[in-house]
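Read through the structure below, which is laid out as structure tokens, and then see the notes.
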Amino acid sequence: MTKPLFPAAALVLALISALVLAAPTARAEELAVQLRGRTPAESAGFLVAQARGYYAEEGLTVRLLPADEAAPPFETLARGEADLAVAWMPIALVARENGLPVVNIAQVFARPALRLTCLRETGVAGAADLRGKTIGSWFGGTEYPLQAWLNRLGLVADGSLSGVTLLAQWPGAEMLRQKQAACISTLSHDPATGEGLVELDPQEQGAAVLEDGLYVLPGTLAGPEAKARLARFLRASMKGWREAVAAPEDSARLILGPDPDPGALQRQAGMLRGIAGLLSATGALDEADYRRTVETLRSGGDRAVLRRDPQGAFTAAVSDRAAPPAAAAPDRDAAPLR
């Protein structure tokens, strides 16, 4: 696996020179937001906030750009076509290390969702049994947390019997059904189903990393008015997310549109029920969880996902403004991110 997030470092530097170091890019009249995720449920909070008028209540005009899995992460942000982007933290930190100075302004998901689902008949009952196995990965940057997890297990993705083999993952769980892989990447809120499956959680090896957060380029943060605008966006978005997970079937129907397929409706509603356990209370980044994510990505010696500790990779200036005076503390009943 290669670390560069974009086709070539020259492209990154050219985009930075042309866009990042230019005048502040934030548009006063609207915010364009690049979404991520393969399904509507993964963007449900933003879609609900738009549909319910929560952005308008905050005096914002928001344009939500649909996820494009074929485009490199942060491409629309780097080209100045978006003001914010939703991305997994490992992808953002690798992009930053490769020259694109994205900054985390909020953390939508406080808990990680990445899992591996394996066929028990291949001899995988736990993470210790992955040696010599073939694993499906979505790539596109989502291989970074998987690589960090393998580093914690002392496994190299080199295709050898003493390491693991990574293959580009097919849609759904077809690779398991066809026995093309012993394990595939899955999400806790969108699990693979069937007989003889075992789900592995990176938190059991202390290899969990933060996922969906909000990222901007430095120019978008220039000045108190810009930060206040972003804070209003965050406040409305988290209101949308709270509604989405509190009323999953109604929200699924809202984001799928009129007369949705019953199967699709139930799947999206089920995903929203699962996302409820991942959601941040206010969107504020927990610095301790950030530090643990960096530590995990820095582990592995020469195979580490990150070569050095990030500097200036996050700010609380937006989430502090977004929080009401007596904001509820995040639910910490679950085990801390490890």
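We did not get these values from a lab; they are worked out from the coordinates using the rules stated. Since the model is a prediction, treat every value here as computed from it, not as a measurement. Cβ sites come from the backbone with ideal geometry, for glycine too, and all protein chains shown count toward neighbours.
Tell me whether the range 114-205 comes out rounded, prolate or oblate; compute the Cα gyration tensor, take square roots of the eigenvalues as a ≥ b ≥ c, and use a/c under 1.5 as the rounded threshold. All intermediate terms of the calculation are to be shown ahead of the outcome.
Values: a/c = 1.30, a/b = 1.21, b/c = 1.07.
It is rounded, given that a/c, with a ≥ b ≥ c, falls under 1.5.
Amide hydrogen proximity for Phe109: with H placed 1.01 Å from N in the peptide plane, the residues at 5 or more positions away or on another chain lying under 5 Å are Asp212, Ser280. In plain terms, the chain from Leu153 to Glu121 could stretch by 9.4 nm, reckoned as 0.36 nm per residue minus the Cα-Cα distance. Comparing Cα centroids, the range 116-151 and the range 234-296 end up 25 angstrom apart. Projected over all directions and averaged, the alpha-carbon convex hull of the chain occupies 16.9 nm².
For the pair the range 37-100 and the range 179-209, the centres of their Cα atoms are 26 angstrom apart. Across the range 64-78, rounded Karplus estimates of 3J(HN,Hα) from the backbone phi angles (6.51 cos²θ - 1.76 cosθ + 1.60, θ = phi - 60°) give 8, 8, x, 5, 10, 5, 7, 8, x, x, 6, 4, 5, 5, 5 Hz, Gly and Pro being marked x.
Approximating the spin labels as points 7 Å out from Cα along Cα→Cβ, the Ala71-to-Glu174 distance works out to 2.6 nm. Computed from phi, the 3J(HN,Hα) profile of the range 307-313 under the Karplus parametrisation 6.51, -1.76, 1.60 (θ = phi - 60°) reads 7, 8, 6, x, 10, x, 7 Hz, with x in place of Gly and Pro. For the peptides 299-312, 181-194, 276-289, the ranking by packing is 181-194, 276-289, 299-312, with the highest mean count of neighbouring Cβ atoms within 10 Å listed first. Near the amide H of Leu65, within less than 5 Å, lie the amide hydrogens of Val33, Gln34, Leu35, all on another chain or at least 5 residues away, with H placed in the peptide plane.
Asp201 to Asp250: extension gain in nm, 0.36 nm per residue of separation minus the Cα-Cα distance? Kindly include the intermediate steps, with their values, before the conclusion.
Values: separation 49, 0.36 × 49 = 17.64 nm, distance 3.00 nm.
Gain in length upon complete extension: 14.6 nm.
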